[in-house]
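> Mind looking over this structure? Questions follow.
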Amino acid sequence: MKQLIIVFLGGGIGSALRYWIGQYLNSPKYEIPYGTFLVNIVGSLLIGVVLGFTLKNQTLSNNTILFLVTGFCGGFTTFSAFAFENQAFLKSGDLASFGLYTLGTLLIGFGAVFIGVWLVRLF
């Protein structure tokens, strides 16, 4: 039960922060939903840093990992919004934004995880 509460708290904080960022950066005046893009990339980087740190030092407790990775990053990042926004691009026929957003999110997101792990190894 303790782990469930830890994940719940981390997820709540991550979700609230994602909402706040989305309110400022997911605007109809932008073609690409920059808020969703930003939280997915930053969340990927954070997961890479936390898990890279854990692999290198083995000093984070399981509860800390649950709070940061499963809770916070799970609530902060959003695959469902990413999928919905891409569906909207396809529905409107905006193939350029669909391609740019999809490839950019996937490539930069994967890269951010690798960069996070790499940064931890440097220090």
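> With a point put 7 Å past each Cα toward its Cβ, work out how far Ser61 is from Ile32 in nm, to one decimal.
4.0 nm
> Treating only the Cβ of Lys, Arg, Asp and Glu as charged (+1, +1, -1, -1), what charge dipole size does the chain show about its Cα centre? Round to the nearest 20 debye. Display every interim value, and only then the final one.
Details: 6 positive and 3 negative charges, 64 e Å.
It works out to roughly 300 debye.
> Using a 1.4 Å probe on the protein heavy atoms only, what accessible surface does Ile108 show? Give it in Å² to the nearest 10.
So the heavy atoms of Ile108 present about 80 Å² to solvent.
> Which value in deg cm²/dmol, rounded to the nearest 500, describes the helix-derived mean residue ellipticity at 222 nm for the chain, given -39,500 (n - 2.57) per DSSP H run of n ≥ 4 and division by the residue count?
For the chain, the value works out to -26000 deg cm²/dmol.
> Which sequence of Tyr19, Tyr34 reflects their accessible areas, 1.4 Å probe, from the largest down?
Accessible-area ranking of Tyr19, Tyr34, largest first: Tyr19, Tyr34.
> Next question, about the same structure. Working from the alpha-carbon coordinates of the chain, get Rg over Rh, Rh being the Kirkwood radius.
Rounded to two decimals, Rg/Rh equals 1.04.
> Seen from all sides and averaged, what is the projected area of the convex hull of the Cα atoms in region 1-66, in nm²?
Over every viewing direction, the Cα hull of region 1-66 projects on average to 5.0 nm².
> Please identify the DSSP H helices in the chain that span no less than 30 Å along the helix axis (Cα) and have a mean Kyte-Doolittle hydropathy of 0.0 or more.
2-25, 34-57, 95-122
The values are calculated or read from the model by the stated rules, or taken from the named source; none is laboratory data. From a predicted model like this one, the values you see are computed outputs, not experimental measurements. With ideal geometry, Cβ positions are generated from the backbone for all residues, glycine too; neighbour counts draw on all protein chains shown. Please note that ligands, DNA and RNA were not included when accessible areas were found on the heavy atoms of the full protein model with its side chains. Shrake-Rupley method; radii C 1.70, N 1.55, O 1.52, S 1.80 Å.
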